[in-house]
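Below is one structure, written out as C-alpha cells; the observations come after it.
The values are calculated or read from the model by the stated rules, or taken from the named source; none is laboratory data. All figures in this text were calculated on a predicted structure; none of them were measured in a lab. All Cβ positions, even for glycine, are placed from backbone atoms using ideal geometry, and neighbour counts span all protein chains on display. The accessibility values were calculated without ligands, DNA or RNA, using every heavy atom of the protein model including side chains. Shrake-Rupley method; radii C 1.70, N 1.55, O 1.52, S 1.80 Å.
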Amino acid sequence: MHPRRSAQDILLCDLCKTAPLQSHCKLCHINLCVICVGKHLSDSSKDHNVVPFIKHIKSTPNYPKCQKHAEKHCEMFCEKCDIPVCSTCISSDKHRGHKISDVLEKLGSKTESLQKDLEELESRIYPRYEEMASDVQTEKAELETKYGKMTTAADQQGEILHREITAIVNKRKSDIAEMKNKHLAALNKNTDEITNRITELRQIIQDLKKILDSNDVSLTSSYKSRNSEFRTLPPKVRVTLPSFSAQKINKDQLNEMFGSLSPLSINTEHGDTMKSAEAVSSPPVKPLLDEPRLTATIDTGYRPYSVSCLSEDQVWTCWDSKTMKLLNLRGKLLTSIKTKSGKWPQDIAVTRDGDLVYTDTNNNTVNLIKNKQIQTVITLQGWVPLNVCCTASNHLLVTMISDDGKQSKVVRYSGSTEKQSIQFDDQGRPLYSSGGNKYLSENKNLDICVADNKARAVVVVNQSGKLRFRYTGHPSNTKQSFYPFGITTDSQSHILTADYDNNRIHILDQDGQFLRYIHCDLLWPWGLCVDIRDNLFVANGDNKVKKIQYL
C-alpha cells in the first residue's frame, strides 16, 4: 500500500472513475483500470509508459497530498499558478494551457534555492545583523559618556558665565558703595563747616549780651560787628544722586554668547543611500521680501573676495593679502591675523565654535585659527585646496583640484580624517569642472551646493554625494551668461549664489527652482555668507561688504 493510503481506501481508475485501478502511466501521470489501459495505449501520439500500480507505488516519493482532491497526491507542478497539482487538477479547466513540470524537478530547484538562501543567511546576512546589533549596543553604551561630556561642558560654560556675571554685579555694587562714601564724606564736610559757624555765632551772641548788660564804655567802643560776614551763608553741597540704568537683556545674544549646540541628525541607511531626518524642530517660515533692502555698508578699503560671519555685526574678510581681518559694521578693524605661509589665503570660513578656518594654495593646507594660534589640520598630497565651508555636524567640506589641473572634487573631513570624497556621478562622469573657483555651502537639508564658475553652474548633490540637479541660470534669460562665484544657504533651505558678471544674487529653493534676484546696486559680487538671523553679507567689487535683508 502507498504509505499515505489506508487499507480502507478504494482506489479507482482516473478515466472511468468506476473500476479499481491496476496500472499507472508514468508519462501522463494517471492511474488506469484493466479496461482503460487498452484505450489509453491506443493513443499512438505519445510514447506511454504503463507499469503495474504496485510497482509505481514502490518507486513513488512522498508526494504532497492534494488540497482539493483528498485521495490524490501532487506529482506535478503548475508553473503559472506556482502550486503543486495532482492528475485531476491538471485535467481541470483551471490549469488548461498552463505549463506543467515534474514536482520532483521543481522540488530539486527549490531545494537548491533554499540551500543558497540558507548559506547566504548564515554566512553573510545574519553576521551583518549581529554586527549591527553589536554596534548599536556599543553606541548605546557610549551615550552616557558622550552626552555626559556635553552636559559637563554646558555646566562649565554656565559656571564661567555665572562668574563673569557675579564679577560684573560685584563691580557695580563696589562702585555704588564708593559713590555712597564720597557722597557721605561731602555731606560730613559741609556739616562740619556749618557746625563751626554755629559755634562762632553762639559765642558772638553771648559776648554781645555781656557787653549790653555791663554798660562798659570801653567794651562797647571796642566791639567790631561781624554780621556782614555771617549774612552770607556757607555754601550748601548739592550732590546729584547716581542712577542705575538696567539694560534689557537680549536673550538671543546671551544664547549665542553661551554657545551653540549642533542639531541631532538621525540618518537611516538604505543600501548605499542615506535618508536624513533632523531631530530638531523646523525653523519658522520667513517669506521673501518684495524688495530686498540694504541695511549696512562696510567700507573695507580693499577688494574683499571672501566673507564669513562671526556674528550679526562682525565679519571676517580676506583679499589679496596675507592678512585676514575681522571688521564690525562701521568698518572698524577688531582683529587681524596673518597666514602661516605669509601668502594670501584662498578662502575662509567660521566654524560652529567661532574659530576661523582658511585654505592656503601655496602649501596645500587647511588651517584652523583658535585663540589666535594657527594649527594646520589638513595637508594635501597631489591636490590643491580651493574653497571651504563648515557643516552642521562641524565637519569641513573642501573643494580641491588635482596638481595637474585635470580633476576636481569635494572632500569631507572630521578633524584631519577624510570621511567622504565626491567626484563622479552614477555614470562615472565628473561632477565638477577641472578649474576655476568652487565656493560651496551645506544646505539645511544636508545637500552640498557648489558654485562651479568654470562650468557656469550650481551643482547640488545630496548628503551621500548623489547628483540632485544643476542650475545654469534663469531659464528665460538666454542673453546673459550665468557666472556664479560665492554661494550660501539660509534657515529656509534657500540657495543664494553671486552672479558675478550680471551684478546680482540668484535665490533658489532647495530643489533648484529660481525664486528671484537681489540687486541692491551690487558690483561684481563675489563671496557670500548669512548670519544667524538670515541677513546676507556680500563681498562687493567696490571695496565694500554689503549687508542685505531679504527675508
Practice item. List the aspartates and glutamates whose Cα lies under 12 Å from the Cα of residue 340, skipping any in the same chain that are fewer than 8 positions away. Key: 360
Check your understanding: Carbon and sulfur together cover what percent of the accessible area of the stretch 412-551 at a 1.4 Å probe radius?
Key -> 43 percent
Check your understanding: Looking at this model, which pairs from 251/466; 372/544; 338/466; 343/444 are more than 29 angstrom apart at the alpha-carbon?
Key -> 251/466; 338/466; 343/444
Review point. Hey, got the Cα dimensions of the stretch 135-179 along the principal axes, in Å, largest first?
Key: 65, 7, 6
Practice item. Please give the helix 126-214 orientation as an angle from the longest Cα principal axis of the chain, in degrees from 0 to 90, rounded to the nearest 10. Key: 10 degrees
Review point. Toward the positive end of the charge dipole of the stretch 46-139, about the Cα centre and with charges on Cβ (Lys, Arg +1; Asp, Glu -1), which of 70, 132, 84 goes farthest?
Key: 70
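Leaving out ligands, DNA and RNA, what percent of the accessible area of the stretch 93-199 is carbon and sulfur, probe 1.4 Å? Walk me through the intermediate numbers first.
Values: 5130 of 9150 Å².
Of the solvent-accessible surface of the stretch 93-199, carbon and sulfur hold 56 percent.
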Review point. Can you list the HN-Hα couplings for the stretch 310-324, worked out from phi with the Karplus curve (6.51, -1.76, 1.60; θ = phi - 60°), rounded to whole Hz and with x for Gly and Pro?
Key: 8, 7, 5, 10, 9, 9, 7, 9, 9, 8, 6, 8, 6, 9, 9
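Rounded to the nearest 20 debye, what is the charge dipole size of the chain about its Cα centre when +1 sits on each Lys and Arg Cβ and -1 on each Asp and Glu Cβ?
Result for the chain is approximately 1080 debye, rounded to the nearest 20.
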Practice item. Between beta-carbons, use under 9 Å as the cut-off and find the net charge around residue 411, counting Lys and Arg +1, Asp and Glu -1. Key: +2
Exercise for review: Mind grabbing the base-10 log of I(q)/I(0) for the chain at q = 0.10, 0.12 Å⁻¹? Debye formula, identical points on the C-alpha positions, no solvent, two decimal places.
Suggested key: -0.91, -1.17
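Using a cut-off of 9 Å between beta-carbons, work out the net charge of the residues near residue 344 (Lys and Arg +1, Asp and Glu -1, residue 344 not included).
On the way: positive: 322, 343; negative: 320, 360.
Surrounding charge for residue 344 is 0.
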Exercise for review: Go through 83-89, 213-219, 534-540 and give me the packing order, highest mean Cβ count within 10 Å leading.
Suggested key: 534-540, 83-89, 213-219
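What does the C-alpha gyration tensor say about the overall shape of the stretch 74-230? Classify as rounded when a/c is under 1.5, otherwise prolate if a/b is larger than b/c, or oblate.
Values: a/c = 15.67, a/b = 6.61, b/c = 2.37.
In terms of gyration-tensor shape, prolate.
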Exercise for review: Take the alpha carbon atoms of the stretch 151-165, find their center, do the same for the stretch 405-482, and report the distance between the two centers in whole angstrom.
Suggested key: 41 Å
Revision key, fill the gap. Per its Cα gyration tensor (rounded if a/c is under 1.5, else prolate when a/b beats b/c, else oblate), the stretch 492-551 is best filed as oblate
Exercise for review: Kindly identify the stretch 338-436 as rounded, prolate or oblate by the Cα gyration tensor criterion: order the square roots of the eigenvalues as a ≥ b ≥ c, call it rounded if a/c is under 1.5, otherwise compare a/b with b/c, prolate if a/b is larger, else oblate.
Suggested key: oblate
Point to revise | Zero-based 10 Å bins, Cα pair distances in the stretch 316-357, whole percents | key: 28, 57, 16
Exercise for review: Round to the nearest 0.05 the FRET efficiency obtained for residue 34 and residue 96 when R0 = 25 Å and r is the Cβ-Cβ distance.
Suggested key: 0.30
Exercise for review: Show the residues, 5+ positions off or on another chain, whose built amide H is closer than 5 Å to the amide H of residue 83.
Suggested key: 78
Practice item. Could you calculate the contour length gain from residue 521 to residue 110, that is, 0.36 nm times the residue separation minus the distance between their Cα atoms, to one decimal place in nm? Key: 140.6 nm
Check your understanding: Under a 5 Å amide H to amide H cut-off, with H placed in plane at 1.01 Å, what residues pair with residue 347 once short-range neighbours are removed?
Key -> 359
**Study point:** Principal-axis tilt of helix 103-120 within the chain, Cα atoms, nearest 10 degrees
**Key:** 30 degrees
Practice item. Write down the accessible area per residue of the chain in Å², having rolled a 1.4 Å probe over the full set of protein chains. Key: 61 Å²
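Given Cβ point charges of +1 (Lys, Arg) and -1 (Asp, Glu) and nothing else, what value in debye, to the nearest 20, does the dipole of the stretch 493-551 about its Cα centre take?
With only Lys, Arg, Asp and Glu charged at Cβ, the dipole is about 200 debye.
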Exercise for review: Find which of 157, 41, 484 sits farthest along the positive direction of the dipole of the chain, computed with +1 on the beta-carbon of Lys and Arg, -1 on that of Asp and Glu, about the Cα centre.
Suggested key: 157
Check your understanding: Residue by residue through the stretch 381-397, which ³J(HN,Hα) values in whole Hz follow from phi under the Karplus form 6.51 cos²θ - 1.76 cosθ + 1.60 (θ = phi - 60°), with glycine and proline marked x?
Key -> 10, x, 9, 10, x, 10, 10, 9, 9, 9, 9, 5, 8, 6, 7, 10, 10
Check your understanding: If you average the sequence gap of Cα pairs under 8 Å that are 6 or more apart and divide by the length of the chain, what percent do you get for the contact order?
Key -> 8 percent
